[in-house]
Amino acid sequence: MSTEELRAIELLGRVSYGRLATSMRAMPFVAPARHIVRDGGVVLRIHRGFGYHRACNGSVVAYGADNFDSGGRTLWSVQFTGTAEIVRPTPEQIRLFGDEPARADGERFEPVFMRVEPQFVTVHTLDYLEEQPNGHAA
């Protein structure tokens with residue numbers, strides 16, 4: 001594994017959620033996902049009711065996460081691009097994911113799990129001289 005891949009995996013381990021991106025019927029979409037890092041790959045948990053897992057299975061996807069809401073002096077963004085595959089998580093992986101949401105878009109949350117084997121990994125950082133406020137101006 002390259003230094004950048006190791007750095008990306010280390011950073012991804014600092015946050016729990018990110019965004020899964022691919023296309024469905026030639027239209028791009030982005031969906032929230034919970035992740036864990038295992039054996040050099042990323043395992044995702046998303047809501048089955050979204051239906052996105054069908055578009056992702058066997059397709060190239062991008063998965064990104066960041067610490068942009070941290071307000072810190074150094075902000076980072078990580079993106080993994082690779083092929084997604086629906087998987088059955090191990091009991092250990094399920095434990096690492098932690099509690100599931102009760103609902104997604106008003107319906108009962110039903111998990112589906114996918115593994116992304118990264119083929120391309122990018123890390124971007126933004127360094128500021130002081131802490132960034134964690135709010136939005138009106």
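The values are calculated or read from the model by the stated rules, or taken from the named source; none is laboratory data. What you are looking at is a predicted structure, and each value in this text was computed from that prediction instead of being measured. In this analysis, Cβ positions are derived from the backbone assuming ideal geometry, glycine residues included, and neighbour counts consider all displayed protein chains. When the accessible area is computed, the model is the full protein with side chains, heavy atoms only, and any ligands, DNA or RNA have been set aside. Shrake-Rupley method; radii C 1.70, N 1.55, O 1.52, S 1.80 Å.
Would it be correct to say that residue 45 is part of a strand (DSSP E or B), basic (Lys, Arg) and within 21 Å of residue 107 (Cβ to Cβ)? When the stated conditions are applied, residue 45 passes them. Taking the range 1-17 as the range and being open to solvent by 30 Å² or more (accessible area, probe 1.4 Å) and not polar (S, T, N, Q) as the test, the residues that pass are 1, 4, 5, 6, 7, 9, 10, 13, 14, 15, 17. When residue 20 is tested against (1) under 17 Å from residue 120 (Cα atoms); (2) of a type outside the set (Val, Ile, Thr); (3) open to solvent by 30 Å² or more (accessible area, probe 1.4 Å), just one condition goes unmet, and that condition is (3).
For the range 71-88, a tally of residues being more than 16 Å from the chain's Cα centre (by Cα) and under 23 Å from residue 118 (Cβ atoms) returns 3.
Within this structure, residue 53 passes the test of being of a type outside the set (S, T, N, Q), surrounded by 14 or more Cβ atoms within 10 Å (Cβ to Cβ) and farther than 19 Å from residue 9 by Cα.
Figure legend. Inter-residue proximity from the range 115-126: first residues β-branched (Val, Ile, Thr), second residues open to solvent by 40 Å² or more (accessible area, probe 1.4 Å) and outside any strand (DSSP E or B), beta-carbon distance below 8 Å, spacing 6+ or different chains. Indicated pairs: 121/2; 121/4; 121/5; 122/4; 123/4; 123/7. Here the range 95-123 is the region considered, the condition is being closer than 11 Å to residue 47 by Cβ and under 15 Å from the mean Cα position of the chain (by Cα), and the residue that is surrounded by the most Cβ atoms within 10 Å (Cβ to Cβ) is 112. Assessment of the range 24-39 against the conditions (more than 15 Å from the chain's Cα centre (by Cα), touching a residue at least 60 places away in the same chain (Cβ under 8 Å) and surrounded by 13 or more Cβ atoms within 10 Å (Cβ to Cβ)) yields no matching residue. Taken over the range 15-37, residues that are in a strand (DSSP E or B) and among the charged types (D, E, K, R) amount to 2. Return the residues of the range 35-50 that are under 18 Å from residue 12 (Cβ atoms), of a type in the set (Lys, Arg) and either in contact with a His (Cβ under 6 Å, 6 or more places away or on another chain) or modelled with pLDDT of 90 or more (or both); say none if nothing qualifies. Matches in the range 35-50: 45 only. The criterion of at least 3 residues that are charged (D, E, K, R) is met by the following strands (runs of 3 or more DSSP E) wholly inside the range 59-129: 111-127.
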